[in-house]
Amino acid sequence: MKPKVTIGYHASHEQFPPGMLLGLARKAEDAGFGALLSSDHFNPWTSVRGESGFSWAWLGAALQATSLPAGVVCTPGYRYHPAIVAQAAATLAGMLPGRFWIAIGTGQAESEGICGEAWPPKSERNDRLFASATIMRSLWAGETVTIAAPVRTVEARLHTRPTQPPLLLGAALTPATAEWLGGWADGLITVAMQKDDLAEVVEAFRHGGGEGKPMYLKVDLSYARTDEEARSGAWDQWRANVYPAAVLENLRTPGEFEALEDLAGPRMVFEKIRISADPKDHVRWLRTDIDLGFTHLYLHNVNRNQETFIEDFGNEVLPEIFG
């Protein structure tokens, strides 16, 4: 028997104000989307087109305004102490049992650097991430946590805990990171990429201890009713985000992302994002993802026209996937 597949809507706080995203979440539920994924950044990628809503406040509203499950990808250990992330997640999971999950990753300097700390190399960020995961799980289990390093925590204890702790996924963009977190995360979340590259991430995760664990996928796409609109929307909104993670995670300000926009060529952008005005193309791409083992797919239409995307995918894409 094939596992159940969920297709969700991605709420991009870096592009749209939270009130608008709340309305879009309702529209997505009405159209047949089965879940929500929230981004979580302090800064947008570009100041001209950007927003910066607080995801945790929005999540409470979205979970109340819809009946959908929801998750968020965040970075504990910098602007959020992991004890605070654990408390926030415990509150949502306790109020809405079974409807909230969380993924954690090593983050980007653009959002985490606002605290003024030195931005460490990836190896040190991995150590802090694993320590944060351990702290969060200990707190959800009712333990009192005191550790000196790498994330100093003194007599932290959660007095309000959910009956069932939320699922704790690990975020990975490369096979090396996917393999590393396969042994300790409850599951994987990654982003859509070329099929062979995505298959490598999947295989690495399973090899590292993730066999049998759930795999979630954020799918960056640009859909409009003409290919020209889809391409122009992707170019307008997303051309600063197509560089390798090793580059993007070390940028500090929206201005630095904007500088990269001037260097990006159309081919670079259009090869990174699934761009098509034909719903059949998107059905085919999603079926390939599902064949790789992804059971939760969150669709992020990177252009501005969210309403058309939600309507057309609800009418022409979701029924094909679930039909």
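The values are calculated or read from the model by the stated rules, or taken from the named source; none is laboratory data. Remember, it's a predicted structure, so these values are computed and weren't measured experimentally. Because the Cβ atoms are built from the backbone with ideal geometry, glycine has one as well, and the counts that use them run over all protein chains shown. Quick note on the areas: whole protein, heavy atoms, side chains included, nothing else; ligands and nucleic acids left out. Shrake-Rupley method; radii C 1.70, N 1.55, O 1.52, S 1.80 Å.
Of these, Gly50, Gly105, which one is touching a strand residue (DSSP E or B) at 6+ places or on another chain (Cβ under 6 Å) and more than 21 Å from Val5 (Cα to Cα)? Answer to the check: Gly105. Of all residues in the range 112-144, those satisfying the criterion of being among the acidic types (Asp, Glu) and in a helix (DSSP H, G or I) are Glu112, Glu124, Asp127.
Output yes when any residue across the range 232-251 is among the basic types (Lys, Arg), touching a Phe, Trp or Tyr at 6+ places or on another chain (Cβ under 8 Å) and open to solvent by 30 Å² or more (accessible area, probe 1.4 Å), and no when none is. No, because not a single residue in the range 232-251 is among the basic types (Lys, Arg), touching a Phe, Trp or Tyr at 6+ places or on another chain (Cβ under 8 Å) and open to solvent by 30 Å² or more (accessible area, probe 1.4 Å).
Asp291 falls short of the stated requirement of being over 21 Å from the mean Cα position of the chain (by Cα) and either modelled with pLDDT of 95 or more or surrounded by fewer than 19 Cβ atoms within 10 Å (Cβ to Cβ) (or both). Candidates in the range 97-132 are the residues that are within 20 Å of the chain's Cα centre (by Cα) and more than 30 Å from Glu256 (Cα to Cα); of these, the one that is most open to solvent (accessible area, probe 1.4 Å) is Gly98.
Output the residue which, of all residues in the range 21-39 that are over 19 Å from Val317 (Cα atoms) and in contact (Cβ under 8 Å) with a residue 40 or more places away in the chain, is farthest from the chain's Cα centre (by Cα). Explain how you work it out, then say what you get.
Kept after step one, since they are over 19 Å from Val317 (Cα atoms), are these residues of the range 21-39: 21-23, 38-39.
Cutting the leftovers down to in contact (Cβ under 8 Å) with a residue 40 or more places away in the chain gives us 21-22.
Values: Leu21: 15, Leu22: 17 Å.
Step by step, filter the range 21-39, then rank; the result is Leu22.
Which one of the conditions (1) open to solvent by 30 Å² or more (accessible area, probe 1.4 Å); (2) of a type in the set (Ser, Thr, Tyr); (3) touching a residue at least 40 places away in the same chain (Cβ under 8 Å) does Ser276 fail to meet, given that it meets all the rest? It fails just one condition, (1).
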